[in-house]
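The values are calculated or read from the model by the stated rules, or taken from the named source; none is laboratory data. Keep in mind that this is a model prediction, so the values were computed, not measured. Glycine also receives a Cβ, built like all others from the backbone with ideal geometry; neighbour counts cover every protein chain displayed. Each accessible area value is taken on the protein alone, full model and side chains, heavy atoms only, with ligands, DNA and RNA left out. Shrake-Rupley method; radii C 1.70, N 1.55, O 1.52, S 1.80 Å.
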Amino acid sequence: MTKLPDVQLDRVSDSQPTRVAPLPQEEAPPSPLPPQKAMERMLSLIDAFIVRNDLEKAHALLKDTRLEFGDHPEIQRRMKTLQVRYNDSDEPIPLKPLPSRNQAAKEQRLETLHSMLRSIEAYRELH
């Protein structure tokens, strides 16, 4: 095994040129999205807000999108969806209370007894 030569950091060798890393060039700003693609992204974000039931944000973004892209059929469809969601959420539907377990057990036993009684009466009529 051969020993590597000692490295002296305080003096620069004239035989090897010093390498300087190139400066990073400024990147060009990303090109804007085509109008159709931009509208699709906005509609996707609006759909996400609607799914999360964040109707205020969805409505505000939908208004901005309509101002920017005009009355597109997809924008109109989402406006109708929002109107339906707003109208549905105003009046909650009352739920019926569940019957108690004891009441359900009583009704089941009573039905069984009625069934047995009908069977006995049918037997008496035949004999």
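Could you check segment 61-74 and list, in sequence order, the residues that are open to solvent by less than 50 Å² (accessible area, probe 1.4 Å) and at pLDDT below 90?
Residue satisfying the conditions is G70 alone.
Per-residue answers, yes or no, for (1) of a type in the set (S, T, N, Q); (2) at pLDDT 90 or above; (3) at negative phi; (4) surrounded by 13 or more Cβ atoms within 10 Å (Cβ to Cβ):
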position: D6; (1), (2), (3), (4): no, no, yes, no
position: Q36; (1), (2), (3), (4): yes, no, yes, no
position: H59; (1), (2), (3), (4): no, yes, yes, yes
position: Q76; (1), (2), (3), (4): yes, yes, yes, no
position: Y86; (1), (2), (3), (4): no, no, yes, no
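Would you point out the residue of segment 47-80, among those that are of a type in the set (D, E) and under 16 Å from Q36 (Cα atoms), that is nearest to the chain's Cα centre (by Cα)?
That would be E74.
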